[in-house]
Amino acid sequence: MYNFAALIILMRCTSIFHFIFHISTEAFMDEDKKPTGKRFRRMENISSVFSSSDLNHRLFGHEGFQFFLFQKRWEKLVGQVMAKESYVSSYKNDVLFVTVTNSVFLQQLYVIKNDILSRLSEDEFGKRFTDIRFIAGPRKKKYQTFTTLDPINRAIEKEQRMYDQPLTDKETDWIRHWVSTHIEKEALQAPFSDMMKAVLQIRKGELAAGYHPCPRCGALTPPDTSLCSSCERKNRQEKRARIIELLRRNPHFTFQEVTSRFPCTYPLYESCVNQLIHGYKERIFHQFARPDEKRRLLALLTHRPIESMTDKEAEEALKKLPKKSW
């Protein structure tokens with residue numbers, strides 16, 4: 001422990017020494033002798049980057065972007081009440097098209113049309129319009145922005161809401177008593193207490209969400225599954241091992257014969273068959289395969305019973321498989 005602390009102190013002293021050396025070197029270095037090039041350039045402000053190129057015009061000076069900003073200013077032109085029932089839909093040349101969702105407000109907008117045109121003349125983008133066409137139509141759809149992180153964020157928020165469970169005074173006292181009894185160091189009591197509270201909140205949240213004990217191990221399981229993830233994985237491994245053992249004893253079995261004894265999917269059956277075939281081929285390549293293993297490989301490939309073929313027949317059928325020559 002003391003060696004580790006000494007190492008940390010030494011590293012900090014070394015970094016401070018390098019920093020002082022760098023500052024002193026720059027202070028006594030002449031301006032003409034300072035290194036130049038791309039590696040020694042200073043970063044520029046983002047404002048100078050936009051002002052020194054045409055990027056500012058291409059991004060913010062585009063007509064479509066300016067029309068988007070003008071649509072946002074429609075509420076300032078006609079007021080909050082009118083803006084709720086109308087919106088700028090499009091424009092063509094010097095004519096502005098406004099969609100109105102209510103016939104009463106449509107008539108009202110016709111009455112104050114000249115006032116709106118006078119206000120448009122003061123707007124940077126709206127001064128090009130000399131006429132307004134009011135059209136009856138549906139309300140403007142508000143599309144919610146979507147990113148690839150939205151499903152992840154929704155899952156995190158759902159989990160946080162589920163685990164945000166209050167603890168009773170009895171549960172809090174029990175945690176405090178357990179920590180004070182079993183944890184001697186005071187510095188570790190607070191972290192242990194927080195950890196136990198978080199675990200208890202998770203368990204209460206899962207029970208409130210309908211989680212049920214796993215029938216094999218007792219761990220809490222989501223309501224839409226019968227086994228927990230650990231037991232489900234063990235169940236798949238055991239099922240795969242049973243199918244491989246069945247095919248090892250009866251390599252000629254087809255999918256229908258295997259599934260009649262152990263119900264399984266065809267991808268699982270195919271994966272088990274490929275695993276056995278790969279293992280037998282590997283032993284043949286290293287010249288470790290026994291005659292009965294060659295017959296089992298031939299039975300897996302042809303679905304013929306192993307008793308109906310001889311060692312010589314299997315050797316002749318598999319003679320072209322690669323073998324190492326060293």
Full-stretch length increase - Trp178, Lys324 - with 0.36 nm per residue and alpha-carbon distance subtracted
46.1 nm
Cross-link reach list, aspartates and glutamates versus Lys158, counting only Cα pairs under 13 Å and skipping chain neighbours closer than eight places:
Asp150, Glu206
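In nm, what is the difference between 0.36 nm times the number of residues separating Asp194 and Val95 and their Cα-Cα distance? Walk me through the numbers on the way to the answer.
Numbers: separation 99, 0.36 × 99 = 35.64 nm, distance 6.49 nm.
Once the chain is fully extended between Asp194 and Val95, it gains 29.1 nm.
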Spelling out what I want: for every residue of the stretch 258-273, take phi, set θ = phi - 60°, compute 6.51 cos²θ - 1.76 cosθ + 1.60 (Karplus), and round to whole Hz; glycine and proline get x.
6, 5, 6, 9, 10, x, 8, 8, 5, x, 5, 4, 5, 5, 5, 5
Check cross-link reach from Lys323 to the aspartates and glutamates: straight Cα distance under 20 Å, and skip same-chain residues fewer than eight apart.
Glu282, Asp292, Glu293, Asp311, Glu313, Glu315
Looking only at aspartates and glutamates whose Cα falls under 16 Å of Lys92's and that sit 8 or more positions away or on another chain, we get Glu63, Asp131
Can you compute the charge dipole magnitude of the stretch 189-274 about its Cα centre, using +1 on each Lys and Arg Cβ and -1 on each Asp and Glu Cβ, nothing else charged? Give it in debye, rounded to the nearest 20.
240 debye
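By how many nm would the segment from Ala155 to Arg242 grow when fully extended, if each residue of separation counts as 0.36 nm and the alpha-carbon distance is taken off?
Numbers: separation 87, 0.36 × 87 = 31.32 nm, distance 3.66 nm.
Separation in residues times 0.36 nm, less the Cα-Cα distance, equals 27.7 nm.
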In µm²/s, what is D for the stretch 60-136 at 37 °C and 0.692 mPa s, where D = kT/(6 pi eta Rh) by Stokes-Einstein and Rh is the Kirkwood radius from Cα pairs?
263 µm²/s
Output ³J(HN,Hα) for the stretch 247-255: one whole-Hz value per residue in order, computed from phi by the Karplus curve 6.51 cos²θ - 1.76 cosθ + 1.60 with θ = phi - 60°, and x for Gly and Pro.
6, 5, 7, 9, x, 8, 5, 8, 4
Label-point separation in nm, Arg133 to Phe67, each point 7 Å along Cα→Cβ
1.3 nm
Among the listed pairs Lys294/Lys320; Lys170/Lys204; Lys234/Lys294; Lys76/Lys113, give every one whose C-alpha distance is greater than 20 Å.
Lys234/Lys294
Long-range Cα-Cα pairs in the stretch 238-317 (distance over 14 Å), rounded percent:
59 percent
Please work out the FRET efficiency for the pair Ser121 and Ala83, using the Cβ-Cβ distance as r and a Förster radius of 22 Å; give the result to the nearest 0.05.
0.70
Using packing as a proxy for protection, rank 167-178, 88-99 so that the peptide with the highest average count of other Cβ atoms within 10 Å comes first.
88-99, 167-178
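Only the coordinates and a few stated rules stand behind these numbers; no lab work does. Computed from a prediction, not measured in an experiment: that's the story for all the values here. Positions of Cβ are backbone-derived with ideal geometry, glycine not excepted, and every protein chain shown enters the neighbour counts.
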